[in-house]
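Just below is one structure, and these are the notes that go with it.
The values are calculated or read from the model by the stated rules, or taken from the named source; none is laboratory data. Not measured: the values here are computed from a predicted model. Here the Cβ positions follow ideal geometry from the backbone for every residue, glycine too, while neighbour counts run over all protein chains shown.
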Amino acid sequence: MSVRMNVVLISTYELGHQPFGLASPAAWLRARGFAVKCLDLSREPLGPETIREADLVGFYVPMHTATRLAVQLIAPIRELNPHVYLCFYGLYAPVNEDYLRALGVETIVGGEFEERLAFLADHLTRRKDAQASGGGIVAGNLAGQTVISLDRLKFIVPDRSGLPPLHKYAHLVMPDGGRRIAGYTETSRGCKHLCRHCPVVPVYDGVFRVVPREIVLQDIRQQVEAGAEHITFGDPDFFNGPAHALSIVEGLHREFPEVTYDATIKIEHLLHSPMEHLERLRDTGCLFVTSAVESLDDAVLVRLDKGHTRAEFLVVVERLRSIGLLLQPTFVPFTPWTTLDGFRELLEVLATENLIENVAPIQLGIRLLLPAGSRLLDLSEVRELVDSFEPGALAYPWRHSDPGMDALAVHVQKLAAEGAKLRRSRSETFALIWQAAGLRFGSEALAAPAPPTPIPHFSEPWYCCAEPTEDQLACISETEAEPTAVTESEAEADVLS
């Protein structure tokens with residue numbers, strides 16, 4: 001009989017959602033008979049005894065913040081359990097291989113990770129059996145390897161047992177002040193697009209993989225049973241496979257007509273998709289669509305290889321507004337090429353297009369992040385302006401040629417964080433940012449802006465490439481501490497993207 005193998009899967013941050021990146025591999029591992037404990041450290045303590053009993057600890061690192069937080073735990077976990085096997089998996093694992101290896105991480109997995117984690121646990125079990133029986137070396141394994149897998153997996157329904165309940169995660173805040181419990185799932189992973197600043201690209205390189213419709217719907221069913229009233233589809237781009245996506249939301253709406261949802265879709269898809277597809281989103285309960293617009297400067301958009309222009313973004317704004325579908329654009333306003341006039345113009349467009357409430361204030365303070373593997377480094381002008389890679393920061397530092405722009409970014413971030421702590425409305429914080437940029441209300445361009453209308457939004461702002469706050473770092477490094485949910489004010493502080 002095999003020696004019992006205890007696996008601990010850890011998430012440090014997943015945008016305020018119950019972690020799909022724990023629930024999915026947990027299902028694979030439990031199906032093979034492993035004892036699995038899932039820990040979401042944004043909502044619960046680490047638990048020293050759990051670590052002491054672990055044979056394998058896997059850190060899920062789908063984004064920059066999660067990785068920065070996870071590496072803080074390597075030393076404390078080694079102190080609790082010097083012999084535990086460490087694995088990092090997710091988008092940010094393979095691109096930070098050298099740094100993670102130096103910290104003692106033994107196996108690194110990117111891409112489609114579930115099956116590879118199961119293979120690793122199988123190997124470690126055989127090795128443990130051999131050691132217990134005095135046998136020799138076990139051959140054929142993932143130990144010590146770095147693997148980017150783009151295999152087509154036979155997905156199984158995620159196992160969410162043992163995770164904190166959905167009501168402990170980010171809620172959807174409705175315009176009337178009501179709240180809806182939110183679930184999270186994925187209908188696909190990877191992306192067929194190659195945006196230069198995107199962390200998906202170094203791992204998937206234009207490939208995307210779909211999760212079968214019935215698996216997705218079963219995952220939604222179990223979350224609705226657990227209280228979910230709204231579902232976030234976390235695909236990098238929901239319309240990479242539009243027929244697949246629409247089939248799922250039609251099934252969702254048919255079975256649970258009161259459950260709403262949101263999804264992320266590129267501007268070029270929103271521009272070129274048949275209007276019928278967008279209307280089907282609206283009619284099946286889509287409350288809003290998030291889209292990474294990033295900039296309104298066409299020269300910056302070309303550098304980022306975003307696939308759309310400023311003019312096309314404005315067409316999409318009108319296109320979605322004409323059918324009553326909300327757009328929530330996200331931005332990276334501060335880049336090496338941003339000018340003060342360009343930042344002011346962004347604010348003016350948001351005001352004149354009545355989009356102030358559609359944009360979380362922190363989105364106006366985000367600064368371009370250049371992680372390892374970024375395709376932006378293919379550009380000679382970018383290589384010339386960055387400093388040497390800083391492993392601890394997991395990024396290439398850069399400074400704007402105008403120090404005033406860097407100072408403005410910091411000030412805008414501070415205003416966004418203060419606004420959240422003081423419970424200012426988005427419009428009130430926008431007004432302060434407007435003033436910080438040296439603009440005055442009542443200019444000819446803004447003589448009669450439309451009154452802002454509150455829209456549905458999450459209690460934690462959604463952005464994937466963010467620096468952890470001091471509160472998060474302090475909380476996550478205390479193995480005995482009881483972490484609290486990341487509040488909107490904490491999540492909005494000190495952000496880089």
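Anything in region 142-171 that is assigned to a helix (DSSP H, G or I) and either charged (D, E, K, R) or out of contact with any Gly (no Cβ under 7 Å at 6 or more places or on another chain) (or both)? List them, or say none.
Once the filter is applied, which keeps residues that are assigned to a helix (DSSP H, G or I) and either charged (D, E, K, R) or out of contact with any Gly (no Cβ under 7 Å at 6 or more places or on another chain) (or both), region 142-171 yields only LYS168.
In region 24-47, which residues are among the basic types (Lys, Arg) and not in a strand (DSSP E or B)? Can you show your working first?
Here is the first cut: in region 24-47, the ones among the basic types (Lys, Arg) are 30, 32, 37, 43.
Answer for region 24-47, where residues must be among the basic types (Lys, Arg) and not in a strand (DSSP E or B): ARG30, ARG32, ARG43.
Pull out all pairs, ordered by first then second residue, where Cβ-Cβ is under 9 Å, the residues are six or more apart or on different chains, the first lies in region 354-376 and is within 17 Å of ARG423 (Cα to Cα) and outside any helix (DSSP H, G or I), and the second is among the aliphatic types (A, V, I, L, M) and at pLDDT 95 or above.
VAL359/LEU350
Check region 363-382 and report whether any residue there is farther than 30 Å from LEU281 by Cβ, of a type in the set (S, T, N, Q) and not assigned by TED's automatic domain parsing to the domain that holds ILE267.
Taking every residue of region 363-382 in turn, at least one turns out to be farther than 30 Å from LEU281 by Cβ, of a type in the set (S, T, N, Q) and not assigned by TED's automatic domain parsing to the domain that holds ILE267.
List the number of the failed condition for LYS266; all other conditions in (1) surrounded by fewer than 18 Cβ atoms within 10 Å (Cβ to Cβ); (2) touching a Ser or Thr at 6+ places or on another chain (Cβ under 9 Å) hold.
(1)
Just one of (1) surrounded by fewer than 20 Cβ atoms within 10 Å (Cβ to Cβ); (2) of a type outside the set (Gly, Ala, Ser); (3) in contact with a His (Cβ under 6 Å, 6 or more places away or on another chain) trips up PRO202, so point out which.
With respect to (1) surrounded by fewer than 20 Cβ atoms within 10 Å (Cβ to Cβ); (2) of a type outside the set (Gly, Ala, Ser); (3) in contact with a His (Cβ under 6 Å, 6 or more places away or on another chain), PRO202 is out only on (3).
So for region 340-352 (the condition being out of contact with any Phe, Trp or Tyr (no Cβ under 9 Å at 6 or more places or on another chain), at positive phi, surrounded by fewer than 17 Cβ atoms within 10 Å (Cβ to Cβ) and not charged (D, E, K, R)), does at least one residue qualify?
Looking for residues that are out of contact with any Phe, Trp or Tyr (no Cβ under 9 Å at 6 or more places or on another chain), at positive phi, surrounded by fewer than 17 Cβ atoms within 10 Å (Cβ to Cβ) and not charged (D, E, K, R), one finds none in region 340-352, hence no.
Please go through region 306-342 and give me each residue that is over 29 Å from LEU287 (Cβ atoms) and in a helix (DSSP H, G or I), ordered by number.
If the condition is that a residue be over 29 Å from LEU287 (Cβ atoms) and in a helix (DSSP H, G or I), then LEU340, ASP341, GLY342 are the ones that fit.
For region 383-407, which positions are assigned to a helix (DSSP H, G or I), surrounded by 16 or more Cβ atoms within 10 Å (Cβ to Cβ) and out of contact with any strand residue (DSSP E or B) (no Cβ under 8 Å at 6 or more places or on another chain)?
none
Check LEU120 against each of (1) over 24 Å from HIS17 (Cβ atoms); (2) free of Cβ contacts under 8 Å to residues at least 60 places away in the same chain; (3) crowded, with 18+ Cβ neighbours inside 10 Å; (4) not hydroxyl-bearing (Ser, Thr, Tyr) and name the one condition it does not meet.
(2)
Residues LEU100, LEU86, LEU15: which one is outside the structural domain of LEU370 (by TED's automatic domain parsing), touching a strand residue (DSSP E or B) at 6+ places or on another chain (Cβ under 9 Å), outside any loop (DSSP other than H, G, I, E, B) and crowded, with 24+ Cβ neighbours inside 10 Å?
The match here is LEU100.
Mind listing just one residue for me: the one in region 48-83 that is outside any helix (DSSP H, G or I) and either without any contact (Cβ under 8 Å) to a residue 12 or more places away in the chain or polar (S, T, N, Q) (or both) and, of those, surrounded by the most Cβ atoms within 10 Å (Cβ to Cβ)?
Filtering region 48-83 for residues that are outside any helix (DSSP H, G or I) and either without any contact (Cβ under 8 Å) to a residue 12 or more places away in the chain or polar (S, T, N, Q) (or both), the one surrounded by the most Cβ atoms within 10 Å (Cβ to Cβ) comes out as ASN81.
What residue, among those in region 31-47 that are in contact with a strand residue (DSSP E or B) (Cβ under 8 Å, 6 or more places away or on another chain) and surrounded by fewer than 17 Cβ atoms within 10 Å (Cβ to Cβ), is modelled with the highest pLDDT?
As a first pass, look at region 31-47 and keep what is in contact with a strand residue (DSSP E or B) (Cβ under 8 Å, 6 or more places away or on another chain): 34-42, 46-47.
Filter once more, keeping what is surrounded by fewer than 17 Cβ atoms within 10 Å (Cβ to Cβ): 35, 47.
On the way: ALA35: 95, GLY47: 89.
Here the residue is ALA35.
Can you spot a residue in region 224-241 that is in a helix (DSSP H, G or I) and in contact with a Pro (Cβ under 6 Å, 6 or more places away or on another chain)?
no
Evaluate the following for ASP129: is it crowded, with 18+ Cβ neighbours inside 10 Å, farther than 27 Å from ALA395 by Cα and acidic (Asp, Glu)? Before you say what the answer is, go through the steps one by one.
Numbers: crowded, with 18+ Cβ neighbours inside 10 Å: no; farther than 27 Å from ALA395 by Cα: yes; acidic (Asp, Glu): yes.
Criteria not met by ASP129.
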